[in-house]
Structure formats: structure tokens, C-alpha cells
Amino acid sequence: MGRNRQFAVIGLGRFGQSLVKTLLEQGCDVLCCDKNMDTLNEIAKYGAHCVQADATDENALEQFGINNFDVVVVAIGEDMEGSILATMMAKELGAKFVIAKAKNDLQKSILQKVGADRVVLPERDMGARIAKTLLSTSVVDYINLSDKFAIVEIQPHDNWINKSILESNIRAKYGLNIVAIKRNGEIFVSPLPTEHIRENDILVVVGESDVIQKINN
């Protein structure tokens with residue numbers, strides 16, 4: 001699905017570079033924009049198309065067709081003014097969907113006001129994600145889908161082991177849906193209700209965050 005989508009990433013700090021490499025690994029077309037030629041040369045080795053330009057220059061954004069990309073990621077973190085200007089101009093030039101990186105809630109609020117379709121706070125979000133895994137002995141990984149729902153990897157409780165998904169009563173009792181099971185290095189997506197839960201399984205479940213927290217407690 002991602003192979004036909006085109007991405008533009010503006011700013012190649014640690015977050016931007018990690019994002020570009022992951023997109024390239026998934027076979028996506030990625031254009032990178034940064035002022036630093038050394039950084040561009042390094043990321044070009046992975047197959048990205050690179051443009052040396054000032055992302056706050058409207059002419060530069062227009063020249064490489066910012067409006068032609070499915071998603072534009074403004075990954076400028078340190079320069080708040082640059083991030084805001086790049087986001088605003090990308091939207092004004094017709095970018096379909098702009099994701100902007102913010103360092104704090106103030107910057108997030110401003111980026112939303114100037115048109116960002118989505119704002120991410122990677123440092124804070126990752127910290128919260130790790131904290132939630134540390135606070136529970138059963139949670140392996142935790143991703144917020146919204147303020148209310150999360151997708152979580154959990155170890156099965158003792159009273160679920162050797163029971164089928166249906167017999168464990170997880171959905172009826174907790175409202176959790178098991179969307180996948182990780183077992184011995186393999187992933188089984190959409191397991192049948194008759195599938196039995198094993199001791200060393202990792203269950204990938206979707207449900208309300210409050211319910212997940214209660215189960216952990």
C-alpha cells in the first residue's frame with residue numbers, strides 16, 4: 001500500500017532521518033529537504049531523493065512541487081520559527097497532508113493554528129509510551145490510538161493460558177479484541193476464536209485505555 005505513496009521530509013535531524021530510513025525500507029518514494037549537504041549525502045545512500053534548500057523559502061518549496069506529495073513531514077525541531085513557517089507555506093502551496101514535529105505543547109498549538117493536519121511530539125510520546133510499559137509487569141508495548149483507545153502488546157494472564165480466545169472471555173468481559181498473537185517469532189493476525197492461548201504468547205489487543213489499565217492493576 002505504501003509503495004505508491006510519495007513523502008516529503010523537511011529537516012533531517014535524528015527524528016527526520018529515522019523516519020526517512022523507515023519509509024525507504026517500506027519501499028516508499030521519499031524526497032528530503034535540508035540545508036546541510038553532508039546530511040543529505042548521507043541519507044542519499046539509502047535511496048532518498050535529496051534537495052538542498054531552505055524550507056522557509058517559499059520559492060524553494062514550490063520548485064520541488066510540495067503539493068504533489070501525499071504526505072509532507074516538517075521534522076524541524078530546534079528552529080521553532082522555521083518549523084512554523086515551513087508548515088504554513090506547505091499548506092498554502094497546496095500540500096495535501098502535513099505532519100509537523102513539535103517540542104512542546106505551545107509549539108504544537110501554534111502548528112495546529114497555522115494548518116498542520118497532525119502534530120507529533122516524538123520525545124514526549126516515546127517517553128510516555130516507555131513509562132506505561134515500565135509501570136506494568138504484563139505490558140510489552142503500548143501505543144495510544146486516541147485519548148480513549150490504545151493498542152497494546154501484553155503477556156497473557158495465568159487464567160487465560162491453555163484456554164481458547166472464546167473460553168478466556170476477554171472480549172465479553174473486558175471489551176478487548178485480540179487482533180494478533182506473537183508466538184515463537186511469528187505473528188498470527190486475526191486469530192480464530194478457537195485459537196488457544198499459550199504461556200509464552202504475546203497478545204496484541206485493542207481496547208479502551210482505562211480498561212487496559214484496570215487489567216494491569
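The values are calculated or read from the model by the stated rules, or taken from the named source; none is laboratory data. Everything quoted here is computed from the prediction, not taken from an experiment. Cβ coordinates were reconstructed from backbone atoms using ideal geometry, including for glycine residues, and neighbour counts include every protein chain displayed.
Might you check whether a residue that is more than 30 Å from Phe69 (Cβ to Cβ), surrounded by 12 or more Cβ atoms within 10 Å (Cβ to Cβ) and modelled with pLDDT under 90 occurs anywhere in region 187-200?
yes
Does region 23-42 include one or more residues that are hydroxyl-bearing (Ser, Thr, Tyr) and more than 23 Å from Met80 (Cβ to Cβ)? Give the derivation first.
The initial filter retains those residues of region 23-42 that are hydroxyl-bearing (Ser, Thr, Tyr), namely 39.
In the following step, the residues that additionally are more than 23 Å from Met80 (Cβ to Cβ) were identified as none.
There is no residue in region 23-42 that is hydroxyl-bearing (Ser, Thr, Tyr) and more than 23 Å from Met80 (Cβ to Cβ).
Residue check: is Leu40 touching a His at 6+ places or on another chain (Cβ under 6 Å) and on the phi < 0 side of the Ramachandran plot?
Numbers: touching a His at 6+ places or on another chain (Cβ under 6 Å): no; on the phi < 0 side of the Ramachandran plot: yes.
Against the criterion (touching a His at 6+ places or on another chain (Cβ under 6 Å) and on the phi < 0 side of the Ramachandran plot), Leu40 does not qualify.
List every residue pair whose Cβ atoms lie under 7 Å apart, where the two residues are 6 or more positions apart in sequence or sit on different chains, the first residue falls within region 9-34 and is outside the structural domain of Thr87 (by TED's automatic domain parsing), and the second residue, located anywhere, is aromatic (Phe, Trp, Tyr) and crowded, with 16+ Cβ neighbours inside 10 Å.
Every condition considered, no pair remains.
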